[in-house]
Every structure is written in structure tokens, then in C-alpha cells.
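Q: Here you go, one structure.
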Amino acid sequence: MHLTDLRHRLRELGAAPLHERRVLRNWAMGRPPSAGKRSIEDFFPQRLRDALPALETELAGLARLRSEHPGEDGTRLLLDLADGQMVEAVLLPRDGLCISSQVGCAVGCVFCMTGTGGLQRQLGSAELVAQVAAARTRRAVTKVVFMGMGEPAHNLEAVLEAVQALGTVGGIGHKNLVISTVGDERLFDALEALPAGAVKPALAVSLHSTDAATRERLLPKAPPISPQRLIERADAWARATGYPGLVQWTLIDGVNDGDDEVEALATLLAGRRLMLNLIPYNHVESLPWQRPDMERAAEMARRLHRRGVLTKLRRSAAQDVDGGCGQLRARVQRTQPVRWIGRQDGPSATTAAATEAPPPDPRGAAAADVAHVTTDAATHRAR
Ligand code: SF4
């Protein structure tokens, strides 16, 4: 579902702009539709009032918490979508939330679990906001990063629509909305075309190598954009908005942790309004890439600092659960088919026989799913 469809339906039910705002705000904030100073009897037109219970159920079903998996750096949430697909979101420290922009991903980064499965489908803008609404039933969310499964630039219209909603009725500060991208000229063009007064998000770009050929090997289906051009456009957006951009670098042993990359990075990022995040790779069982030695990673960060590049060496989020991008969803899919019939009543007889069936109440699934995830090697958040 897209937010434009939802707004259209509300108007058909007789909602004026102030009614529409209240419905959307309460939903995006994780509150019941009745929340607010004036009672719904005094406030909403009759037709809208009558439709609210069904609408509330439908919105809650857009992204329903299936299970949660606490880790040292964040709590990974597995969310059921209305059609039986699943996405991951992560509760990050300091009230942050990482959400998914697609089911699966077409970019095919060779080190990423989500990338190995390809794109399953786009998420509607309402499903993006629904991830925030679901997380807010658990705790406060004041920052949203589009850094989960999927490439936001490949679902651009929905992502920008969700950004506008989250930065207004969703109550998130504009610089606390961060779109993470492998880089796509269309995304930069769309951001630069935003009208005055629109919500302007921050950007995080996934660089991973300064060498175009290496980067192409790592991100085989990323849109064609050179490292130099990617950094220039990210820098231009950071200057236009006034808040610094992020450059994401998944650090892989023997691939992009060499002296050549340090030198090239120092040159490429000199004078830019960009901060570098070095994210040591978390090994994925089925993939050949390895995490570099942490002392070597720390030395790389120190050298870049000395060269004037603002660098942070990060511990990968949720690395101690079955944590990287798409890994948790992949694990559940291995034990349970993604789609099953009659979900509200539990799985069909066929799927139940083949799997460890989810309980009827998705919130009740947490314990069963955690049992599947605790023994695996941690993986990495790719961007
Ligand atoms: S790292 Fe991000 S862009 Fe790359 S395949 Fe995974 S989800 Fe897609």
C-alpha cells in the first residue's frame, strides 16, 4: 500500500486535511487512532469513524512484529507483511531504527545475504512507515535510517514519499532521516529537485572501494557511477542540506583494507563534508569473505584520521545475533516457506508439516524463532 492510496481512501471517507493528519500521525507514532485531545466522536465525521476499526486492523497488518532478537548493538525485528513476505528492521542505540526499503535486493553485493536472493518485491510507502509504527509499539524512535534490506534508489518514489511522511506526521527530524544508497544519479537528481520546504533527508553512500573495477566486482549490479562521481554528489548534497553525509565502507580482509585504499581514500575525501564509517565485515557462513584483523582495521582508521579524514571504526550492528542484512529472514525462510495460506489461523497443513510452524499470534513467534538464530555465526550489515 502507498500513502497516496491511504490518503485518497481517507478523503473518500469524508476526512478533511486535519482528520487525515490525525489518523496518519497516530498511526506513524504507534498510537491508537483515538489518541488526541478531542474524542473521535467530536472530531471525525461519521463515515470515517465507522471505518476506523477496520482501517486500524489493516494498517497494523502492513508490518506486524513476528519476532525480535536482542543483540549487543541492537535488537533485530523480523516483520511479517500482509502478503506473507518478511522484512527486517533493527532497533539501534539512541532511539534509532533501521528499516528495509525492499523485500530482497537487486544490487547483488557479493558479501550480502540479501544480495544473494535477488529482489522479491518493492515495498509500498505505507509499508515503510508501518515498520516505524511497529517499532514504536516497542519503544521510542527518533531517527530512521533506510539501511536495511533493499536499495532505496530502486524504490525511489516510495522511499521519498515515506521520508516526507516521517519528517512531518511521523515527527522525525529531517537530518535524522538517512537514506543509504549504493549511489544512483536518479536519487541525487530527485533529492536536488525537492521543492523548498520539503523534508530533506541525510545521505549515506556505500563506497566499499575507491577502485572502480573492485567496486564493480563487489557490487555487480549497482547503477554505473564512478567512486569519484559518487563522492562528489554526496558531498554536494551534504553542502546543500548543511548536515554531513556518511560514506560506508564494509571492510573485508584482503579486499579493500590495503595501503592503496587508504591513500586513495585520503585523496578522495580530502575537504569533503563527509564522514567515513569503517564497518568490519561479519563473516556469513555460506560466503567466502572474512572479517579483517581488528588491529589492522584500527590502524587504517588512525592513518585516515592523520590524513584529515573524519573516520569511525564501527562494530557492526547486531553482529552477535544472526544479524546482518537479510540473514535473519533467510534463516526463517529456510525453515518456513515465506508464504502460507490462512496466515491469521496459522500455516496451511502442507507448510505446517514441512516446517516448525509459526504460532497464530505473530508476537508469540519470538521464542521459536530465536531458537533458530542463536547458534549461527554473526554476519554483517552490509552498508
Ligand atoms: S548490501 Fe544493500 S545494496 Fe547490497 S545487496 Fe545487500 S541490501 Fe542490496
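Any read-out appearing in this document is the output of simple, stated calculations on the displayed coordinates, not a laboratory observation. Nothing here was measured: the structure is a model prediction, and the numbers come from that model. Neighbour counts run over all protein chains shown; Cβ positions are idealised from the backbone, glycine included.
Q: Only four residue types carry charge here, +1 at the Cβ of Lys and Arg and -1 at the Cβ of Asp and Glu. Report the dipole size of region 224-318 about the Cα centre in Debye, rounded to the nearest 20.
A: Values: 14 positive and 12 negative charges, 119 e Å.
Computed about the Cα centre, the dipole is about 560 debye.
Q: In percent, how large is the relative contact order of region 72-208, given Cα pairs closer than 8 Å and 6 or more residues apart?
A: Details: 259 pairs, mean separation 27.8, N = 137.
It rounds to 20 percent for region 72-208.
Q: When a footprinting reagent is the concern and you count Cβ atoms within 10 Å, what order do Glu216, Glu20 take, fewest first? Show your work: numbers first, answer last.
A: Working: Glu216 13, Glu20 18.
The order, fewest Cβ neighbours first, is Glu216, Glu20.
Q: As an exercise, find the ratio Rg/Rh for region 14-165 from alpha-carbon atoms, using the Kirkwood inverse-distance average for Rh. Walk me through the intermediate numbers first.
A: Working: Rg = 16.4 Å, Rh = 16.3 Å.
Result: Rg/Rh = 1.01.
Q: Per-residue HN-Hα couplings for region 239-248, Karplus 6.51 cos²θ - 1.76 cosθ + 1.60 at θ = phi - 60°, whole Hz, x for Gly and Pro?
A: Each residue of region 239-248 in turn: 5, 5, 8, x, 10, x, x, 10, 10, 9 Hz.
Q: A further question on this structure: Residues with amide H under 5 Å of Leu251's amide H, sequence separation 5 or more or different chain, H placed in the peptide plane at 1.01 Å from N; which?
A: When sequence neighbours closer than 5 places are left aside, the close amide H contacts are Ile279, Tyr281.
Q: Now for a separate question. Rank the residues Val87, Val110 as a footprinting-exposure proxy: fewest other Cβ atoms within 10 Å of their Cβ go first. Mind showing how you got there, number by number?
A: Details: Val87 29, Val110 16.
So the ranking, lowest neighbour count to highest, is Val110, Val87.
Q: Using the Karplus curve 6.51 cos²θ - 1.76 cosθ + 1.60 with θ = phi - 60°, what ³J(HN,Hα) values do you get for each residue of region 273-286, in whole Hz, with x for Gly and Pro?
A: With the stated coefficients, region 273-286 comes to 8, 9, 10, 9, 9, 8, 10, x, 5, 9, 4, 9, 3, 8 Hz.
Q: For region 140-251, what's the radius of gyration and Dmax over Cα atoms, in angstrom?
A: 13.7, 43
Q: While we're looking at this one, here's another question. Considering Cα pairs under 8 angstrom that are at least six residues apart, work out the relative contact order of region 1-143 and quote it in whole percent.
A: On the way: 206 pairs, mean separation 33.8, N = 143.
Averaging sequence separation for qualifying contacts and normalising by length gives 24 percent for region 1-143.
Q: Using alpha-carbon positions, what is the distance between the centroids of region 259-288 and region 67-90, in Å?
A: Rounded to whole Å, the Cα centres lie 27 Å apart.
Q: Please turn the phi angles of region 86-95 into ³J(HN,Hα) values with the Karplus equation 6.51 cos²θ - 1.76 cosθ + 1.60 (θ = phi - 60°), one per residue in order, whole Hz, x for glycine and proline.
A: Each residue's phi maps through the Karplus curve to give 10, 9, 10, 9, 10, 6, 9, x, 6, 6 Hz.
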